[in-house]
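Student: Here you go, one structure.
The values are calculated or read from the model by the stated rules, or taken from the named source; none is laboratory data. All values derive from a computational prediction rather than experimental measurement. Neighbour counts run over all protein chains shown; Cβ positions are idealised from the backbone, glycine included. What goes into the accessible areas is simple: the full protein's heavy atoms, side chains included, and nothing from ligands, DNA or RNA. Shrake-Rupley method; radii C 1.70, N 1.55, O 1.52, S 1.80 Å.
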Amino acid sequence: MGSLKRDVRILLIGDASVGKTSLILSLVSEEFAEEVPAKAEEITIPADVTPEHVPTHIVDYSAKEQDDTMLEEEVAKASVICIVYSVMDEDSIQRLTTYWLPLLRSLLGDEHRTPVILVGNKVDLADYPTLESILPIMNDFSEVETCVECSARTLKNISEVFYYAQKAVLHPTAPVYNPEEKELTPAARKALTRIFKICDLDNDSLKSALEDVKAIVSRHTTDGIIDNAIALKGFLFLHTLFIQKGRHETTWTVLRKFGYDDNLQLTNDFIAPRIHVGPGCTTELTHQGYQFLASVFDKYDEDRDGCLSPDELQNLFSTCPLMPWGPDVNNTVATNGEGWITSPGYLAQWTLTTLLDVPRTLEFLAYLGYHYHHESQLSAVHVTREKKIDLEKRQTTRNVFRCHVLGAKFVGKTSFLQGLLRRNLRYVATLNRQHLSNFSINTVQVYGQEKYLLLQEVDVTMSEVLTPTELDCDVACLLYDVTNPRTFEFCARIYLKHFIDCKIPTLVVACKAEHPEVRQDYDLTPAQFCQRYRLPPPQHFTCMDTVNWDVYVKLATMAAYPNLKRLVHMLLVHQRPLWLEERIRLSCMFWLSRVRSFLLLSTVHFITSPSFDLQCCSQCLASYLMHIRDLYTEENKLYIHVGLGAAALAALSFAIYKIVRAIR
């Protein structure tokens, strides 16, 4: 990041006949003018001519042609003020402290930050140096940056006068250094400490410094060098030394690289770059964003346990002015048994923040030092295309899906949200209710791809009216309590009022399924209601001991494929009892092995026999039908029929193939 100043405005003031106008004319023409007007016109020096590549305006003042009001206006507009005096005129030197410096304080305020340069002209006429008489003035008036003696006639130090004036604006001393105490200001120490922590990539001091630099630090400080690397104390000493040696630009270059303005505050452009998010679009972290945040996590996970202890979390955000999360974050993302945020939980929380409050993500990326690795935080955030385009193209590239959870009071919404974090009911009972969150987020596998599912509990008012924000989701989840007969009616009303005519996929979930289900006080049973409105059948959910994870997978799948018809969603989420799933799996394994054996035996027989023996193939089939008869029972009759049909089809196809080969 370059200088924050777009231009520099230098105002020359002082007593009459001290040489203000002559200094300007000598700078421009590079020769002394014998005839000098009362006031020089404003001079503009292009950026490519100045050392700092900043346009510079030089303004003259004449008491003969300007009144006090015009002087006040020019003082207010000036970036830096040069008070010119004559080294041969003792009265002009005395008036620095009796008139000019007090005048500036009266116009700008006692604590003003407009830098002042004292310029002693006509040094070619002096037989002795006069700077010793100026030094006390610099100590008494902190706004005085420096003093330069020059000569408009001989051109001595003319360029230096305006160079130091420009430098006082671009690299001011007052914000970074206290000359009385001869140390950095508290604001400068704080800013440089933050920069040091960001640059210390391995959290183990700076090892890349030159050996000569390390030697200087080692000679002048204790604990400035630790394990042959520059520690924080040494880093601060170096910048103190730069300023004391007049190399302010070195410190300011570092500060501005990391976003600081002249007041040592991070600029708004630095922490809040503009980003446009159109209607129907969402914001997600890019691979670069996740990679940077993961590296910050690894840097401060000192014990390498994959979690951030409270102290480690505090250290991680030590470069930020405040903590981005409250205590409810521990109930929003995955944690370990002690409630410490895990690495996946840490990334999930940033995913949530980016989706719901992308300016906050951009701000904290700046605080954490994203610019040290990349040009702008914008490379860490991706704006997705509009949802309607996803529907038109029948595919989505988004990786974060938002599910709004609605239900009557006490149906189990909190347990459902915590279940996404794989927490059972016994664990939820131990949580501090004051630190519960209305959000939870975790990764879910959707056809082999990892997606983020964000659950948000929507608190419906008595009028049961949902705002556009509360309806802005990828999938809706309506919860009812199987033990409370009055809870499904709420789901039915909400669906008929808000979701029946929209394209948001909706799933009805029956909570507390570990208990016997009672009949709901509604005209239709939940299953009948879902069938009538072509919704997937109600999904039974329990988290008493183990969490029914399938429900979350189904929600994420419905959100990822919103273009599918509701009938397809019904097939996707159709539930089968666990015993049935196991029986189907065993039946499939059995019949696959039998068909494989039959085909192998037939193939071997054909290879060893020059003619096709249909009788032998029939005998093989008969032997396997004996096994089928033993398994044929009423409860698995349907699955035996399916398996038998598949085997018969395979055998018939193979027989036809052999007959055709024999005829040829």
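Student: Looking at Pro321 and the list (1) surrounded by 14 or more Cβ atoms within 10 Å (Cβ to Cβ); (2) within 19 Å of Gln377 (Cα to Cα), which single condition is not satisfied?
Tutor: (1)
Student: Within segment 347-370, identify whether any single residue is open to solvent by 30 Å² or more (accessible area, probe 1.4 Å), assigned to a loop (DSSP other than H, G, I, E, B) and at pLDDT below 95, and answer yes or no.
Tutor: No, segment 347-370 has no match at all.
Student: Quick one: in segment 496-538, of everything that is of a type in the set (Ser, Thr, Tyr) and closer than 27 Å to Thr469 by Cβ, which residue is least open to solvent (accessible area, probe 1.4 Å)?
Tutor: Checking each candidate, the answer is Thr506.
Student: I'd like the full set of residues that are crowded, with 16+ Cβ neighbours inside 10 Å and of a type outside the set (Lys, Arg), limited to segment 254-266. I'd like the intermediate steps shown before the answer.
Tutor: Taking segment 254-266 as the starting set, the residues that turn out to be crowded, with 16+ Cβ neighbours inside 10 Å are 254-256, 258-262, 264, 266.
Val254, Leu255, Phe258, Gly259, Tyr260, Asp261, Asp262, Leu264, Leu266, listed by residue number.
Student: What's the number of the condition Lys190 fails, among (1) out of contact with any helix residue (DSSP H, G or I) (no Cβ under 9 Å at 6 or more places or on another chain); (2) basic (Lys, Arg); (3) farther than 30 Å from Leu313 by Cα?
Tutor: If we test Lys190 against (1) out of contact with any helix residue (DSSP H, G or I) (no Cβ under 9 Å at 6 or more places or on another chain); (2) basic (Lys, Arg); (3) farther than 30 Å from Leu313 by Cα, just (3) comes out false.
Student: State yes or no: is Phe141 of a type in the set (Phe, Trp, Tyr), crowded, with 21+ Cβ neighbours inside 10 Å and in contact with a strand residue (DSSP E or B) (Cβ under 8 Å, 6 or more places away or on another chain)?
Tutor: For Phe141, the condition - of a type in the set (Phe, Trp, Tyr), crowded, with 21+ Cβ neighbours inside 10 Å and in contact with a strand residue (DSSP E or B) (Cβ under 8 Å, 6 or more places away or on another chain) - is not met.
Student: Condition test on Thr397, is it of a type in the set (Val, Ile, Thr) and assigned to a helix (DSSP H, G or I)?
Tutor: Values: of a type in the set (Val, Ile, Thr): yes; assigned to a helix (DSSP H, G or I): no.
Judged against the criteria, Thr397 is not a match.
Student: Also: Pairs please, first residue from segment 450-469 and within 22 Å of Tyr552 (Cα to Cα) and open to solvent by less than 70 Å² (accessible area, probe 1.4 Å), second anywhere and among the hydrophobic types (A, V, I, L, M, F, W, C) and in a loop (DSSP other than H, G, I, E, B), Cβ atoms under 6 Å, 6+ apart in sequence or on different chains.
Tutor: From residues that are within 22 Å of Tyr552 (Cα to Cα) and open to solvent by less than 70 Å² (accessible area, probe 1.4 Å), the pairs are Leu455/Leu420.
Student: Additional query: Could you tell me which residue of segment 186-204 is modelled with the highest pLDDT, considering only residues that are open to solvent by 20 Å² or more (accessible area, probe 1.4 Å) and assigned to a loop (DSSP other than H, G, I, E, B)?
Tutor: Once the filter is applied, the top-ranked residue is Leu201.
Student: Can you pull out the residues in segment 355-405 that are aliphatic (A, V, I, L, M) and farther than 16 Å from Leu453 by Cα?
Tutor: Val358, Leu362, Leu365, Ala366, Leu368, Leu378, Ala380, Val381, Val383, Ile389, Leu391
Student: Now a separate question. If you scan segment 381-430, which residues turn out to be among the hydrophobic types (A, V, I, L, M, F, W, C) and open to solvent by 10 Å² or more (accessible area, probe 1.4 Å)? Full working, then the answer.
Tutor: Narrowing segment 381-430 to residues among the hydrophobic types (A, V, I, L, M, F, W, C): 381, 383, 389, 391, 400-401, 403, 405-406, 408, 410-411, 416-417, 420-421, 425, 428-429.
Scanning segment 381-430 gives Val381, Val383, Ile389, Leu391, Ala408, Phe410, Leu421, Leu425, Ala429.
Student: I would also like to ask the following. Looking at Thr222 and the list (1) out of contact with any His (no Cβ under 7 Å at 6 or more places or on another chain); (2) outside any loop (DSSP other than H, G, I, E, B); (3) of a type in the set (Ser, Thr, Tyr), which single condition is not satisfied?
Tutor: (2)
Student: Has segment 27-46 got any residue that is without any contact (Cβ under 8 Å) to a residue 12 or more places away in the chain, under 23 Å from Val123 (Cβ atoms) and small (Gly, Ala, Ser)?
Tutor: Looking for residues that are without any contact (Cβ under 8 Å) to a residue 12 or more places away in the chain, under 23 Å from Val123 (Cβ atoms) and small (Gly, Ala, Ser), one finds at least one in segment 27-46, hence yes.
Student: Same structure again: Within segment 272-293, can one find any residue that is open to solvent by less than 20 Å² (accessible area, probe 1.4 Å), under 33 Å from the mean Cα position of the chain (by Cα), at pLDDT 95 or above and among the small types (Gly, Ala, Ser)?
Tutor: Looking for residues that are open to solvent by less than 20 Å² (accessible area, probe 1.4 Å), under 33 Å from the mean Cα position of the chain (by Cα), at pLDDT 95 or above and among the small types (Gly, Ala, Ser), one finds at least one in segment 272-293, hence yes.
Student: Quick check on this structure: which one of Phe541, Phe488 is crowded, with 23+ Cβ neighbours inside 10 Å and farther than 19 Å from Leu455 by Cα?
Tutor: Step by step, each of Phe541, Phe488 is checked, and only Phe488 is crowded, with 23+ Cβ neighbours inside 10 Å and farther than 19 Å from Leu455 by Cα.
Student: Taking interchain pairs and intrachain pairs at least six residues apart, which have beta carbon atoms under 6 angstrom, with the first residue in segment 405-423 and at positive phi and the second of a type in the set (A, V, I, L, M, F, W, C) and not in a strand (DSSP E or B)?
Tutor: Every condition considered, the pairs that remain are Arg422/Val547.
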